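Accompanying notes for the structure given below.
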Amino acid sequence: MKTKQPYHYDLRVIGQSLEAQSINVFELKCETGRYLVNGTPEKPTSLVDRLRQWRRQGGKSRVRTISYDTQNIEGLERLGRGRRAKSGGLPDFYNLSNLLRTLGGYLEAKNAELLQIQKRPLTVTLLYQNDGGHPHFEDRTIASFYEIFIDQHGKRARRG
């Protein structure tokens with residue numbers, strides 16, 4: 001991906017896709033022209049859901065590698081547009097799509113180029129390059145991004 005990429009847009013759409021697949025713990029790598037995600041769907045809680053998952057997978061490995069390029073992201077955006085809430089209320093920060101959108105906005109504010117995100121249940125690790133090409137590594141709690149989320153939401157509400 002090129003620098004100054006609208007990460008908030010791409011990452012929100014990828015987050016919606018991962019939510020739909022019940023993937024909450026993953027590694028996302030940004031490569032030229034695409035994002036690669038390696039993740040494992042959460043285990044279903046009910047017996048019926050476990051049976052459905054077993055039938056869909058047919059005994060295959062649960063680890064998934066998903067590639068998202070510009071065309072995939074634009075198509076997923078069109079599909080997801082109708083499902084998003086139109087209310088003026090505050091969205092749920094802990095939804096994966098909102099968290100990834102927040103991380104994207106955070107990177108854009110730093111004029112950073114995303115290299116990798118590792119998302120775990122309570123923490124996130126960011127690897128990115130600044131304008132000078134120097135790598136930066138941040139390992140933070142998800143909750144530590146909440147104030148950034150609130151600020152970004154306020155800016156979008158004032159614009160729209």
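The values are calculated or read from the model by the stated rules, or taken from the named source; none is laboratory data. A quick note: this is a predicted structure, and the numbers were derived from the prediction, not measured. Cβ: placed from backbone, ideal geometry, glycine included. Neighbour counts: every protein chain shown.
Quick notes on this structure:
- Taking each residue of the stretch 4-31 that is touching a residue at least 24 places away in the same chain (Cβ under 8 Å) and looking for partners that are in a loop (DSSP other than H, G, I, E, B) with beta-carbon atoms closer than 6 Å, six or more apart or interchain, yields ASN24/GLU42; VAL25/ARG120; CYS30/MET1.
- Count of the stretch 111-126 residues which are in contact (Cβ under 8 Å) with a residue 40 or more places away in the chain and either hydroxyl-bearing (Ser, Thr, Tyr) or assigned to a strand (DSSP E or B) (or both): 7
- Matching entry among LEU90, LEU79, LEU47, LEU99 (being of a type in the set (A, V, I, L, M) and at pLDDT 90 or above): LEU99
- The condition of being of a type outside the set (A, V, I, L, M), more than 24 Å from ARG159 (Cβ to Cβ) and surrounded by 15 or more Cβ atoms within 10 Å (Cβ to Cβ) holds for only one of TYR128, TYR106, that being TYR128.
- Residue tally, condition closer than 18 Å to TYR7 by Cβ and part of a strand (DSSP E or B), over the stretch 127-160: 8
- Out of GLY80, GLY75, one residue alone is of a type in the set (Gly, Ala, Ser) and in contact (Cβ under 8 Å) with a residue 60 or more places away in the chain. It is GLY80.
- Matching residues, the stretch 1-19, being aliphatic (A, V, I, L, M) and either buried (at least 24 other Cβ atoms within 10 Å of the Cβ) or modelled with pLDDT of 90 or more (or both): LEU11, VAL13, ILE14, LEU18
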